[in-house]
1. Hey, could you check segment 30-62 for residues that are of a type in the set (D, E, K, R) and either on the phi > 0 side of the Ramachandran plot or out of contact with any Asp or Glu (no Cβ under 8 Å at 6 or more places or on another chain) (or both) and say which is surrounded by the most Cβ atoms within 10 Å (Cβ to Cβ)?
2. Return the residues of segment 53-85 that are farther than 17 Å from Asn97 by Cα and in contact with a Gly (Cβ under 8 Å, 6 or more places away or on another chain); say none if nothing qualifies.
3. Among the candidates Val120, Val139, Val132, which residue alone is of a type in the set (Val, Ile, Thr), closer than 23 Å to Leu38 by Cβ and exposed (fewer than 14 other Cβ atoms within 10 Å of the Cβ)?
4. Within segment 48-107, track down each residue that is of a type in the set (Lys, Arg), more than 14 Å from Pro189 (Cβ to Cβ) and not in a strand (DSSP E or B).
5. For segment 74-117: of the residues being small (Gly, Ala, Ser), under 19 Å from the mean Cα position of the chain (by Cα) and over 29 Å from Gln34 (Cα atoms), which is surrounded by the most Cβ atoms within 10 Å (Cβ to Cβ)?
6. Could you please let me know if Thr116 is among the β-branched types (Val, Ile, Thr), within 26 Å of Phe205 (Cβ to Cβ) and either touching a residue at least 40 places away in the same chain (Cβ under 8 Å) or in a loop (DSSP other than H, G, I, E, B) (or both)?
7. Quick check on my filter: what residues within segment 155-175 are modelled with pLDDT of 85 or more and farther than 18 Å from Tyr49 by Cα?
8. Sort out which residues of segment 83-96 are in contact with a helix residue (DSSP H, G or I) (Cβ under 9 Å, 6 or more places away or on another chain) and over 19 Å from Thr114 (Cβ atoms), and write them in order of number.
Amino acid sequence: MAVLKGNCYLCGKEFGKTAMKNHILKEHSEGSGQECRLLKIEGAYDKNYWLYVDIPITSNLSTLDGFLRKIWLECCGHLSEFNMNYQTIGMTNKIGNFDTGNVLLHEYDFGSTTETLITVMGTVYRKQQKGVRLLARNVPMAFACCECGAPAKFISLGHCDNEDPFYCEKCAGKNEEIYEMALPITNSPRMGVCGYSGELDTFTFIPRSK
């Protein structure tokens, strides 16, 4: 499967992942202001899930951890940590301590772990503001119901003969076991894991009116 395109959350344009980085650096980095690191964030095992964000160099990793929990991960208050070069990095480390090309691994939940790769893409500037700013995100993937082919709304692991555990509402409702185990399809690498049911609507892409 080809890596999905995404939407720029600042202007609404659609690009592939690499083109999006170039677009952000060219069109949306101020010449001066608050110094930030531009981060590319991807699912470690499914890179169709991706984000671009900027975050002030004065912020620490706990701020980034909180953002990842809100947009991709949080379900039951599990523990998490960052690693780089197979060494754990404390949450108090400042973003400014990491340079272009550094790759961090974020792990959430040490039972049913979701792993995320964070690559430092460079330095950008923006108007003064707090915390992580979402710049771009992949377009949500569409899945077909494994029984009827209609657009799916749920994932229910281990209940589909063809190993495609996606169901529309009608087909899920026909089987009590499937329905009880079903979780909503989400735009996240944690889809279908533990009790994850999706992020707040704060991060949903809303096209600007022309």
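The values are calculated or read from the model by the stated rules, or taken from the named source; none is laboratory data. Being a predicted model, the structure only gives us computed values, none of them experimental. Every residue, glycine as well, gets a Cβ built from its backbone with ideal geometry; the counts of neighbours run over all protein chains shown.
1. Taking segment 30-62 as the starting set, the residues that turn out to be of a type in the set (D, E, K, R) are 30, 35, 37, 40, 42, 46-47, 54.
Narrowing further to those that are either on the phi > 0 side of the Ramachandran plot or out of contact with any Asp or Glu (no Cβ under 8 Å at 6 or more places or on another chain) (or both): 30, 35, 40, 42, 46-47, 54.
Working: Glu30: 11, Glu35: 15, Lys40: 23, Glu42: 20, Asp46: 14, Lys47: 16, Asp54: 25.
So, considering only residues that are of a type in the set (D, E, K, R) and either on the phi > 0 side of the Ramachandran plot or out of contact with any Asp or Glu (no Cβ under 8 Å at 6 or more places or on another chain) (or both), the one surrounded by the most Cβ atoms within 10 Å (Cβ to Cβ) is Asp54.
2. Those that are farther than 17 Å from Asn97 by Cα and in contact with a Gly (Cβ under 8 Å, 6 or more places away or on another chain): Phe67, Cys75, Cys76, His78.
3. Step by step, each of Val120, Val139, Val132 is checked, and only Val139 is of a type in the set (Val, Ile, Thr), closer than 23 Å to Leu38 by Cβ and exposed (fewer than 14 other Cβ atoms within 10 Å of the Cβ).
4. Initial filter on segment 48-107 (of a type in the set (Lys, Arg)): 69-70, 94.
Pick out the ones that are also more than 14 Å from Pro189 (Cβ to Cβ) and you get 70, 94.
Answer for segment 48-107, where residues must be of a type in the set (Lys, Arg), more than 14 Å from Pro189 (Cβ to Cβ) and not in a strand (DSSP E or B): just Lys70.
5. Ser112
6. Values: among the β-branched types (Val, Ile, Thr): yes; within 26 Å of Phe205 (Cβ to Cβ): yes; either touching a residue at least 40 places away in the same chain (Cβ under 8 Å) or in a loop (DSSP other than H, G, I, E, B) (or both): yes.
Answer is yes for this residue.
7. If the condition is that a residue be modelled with pLDDT of 85 or more and farther than 18 Å from Tyr49 by Cα, then Ser156, Pro165, Tyr167, Cys168, Glu169, Lys170, Cys171, Ala172, Gly173, Lys174, Asn175 are the ones that fit.
8. Gly90, Thr92, Asn93, Lys94, Ile95, listed by residue number.
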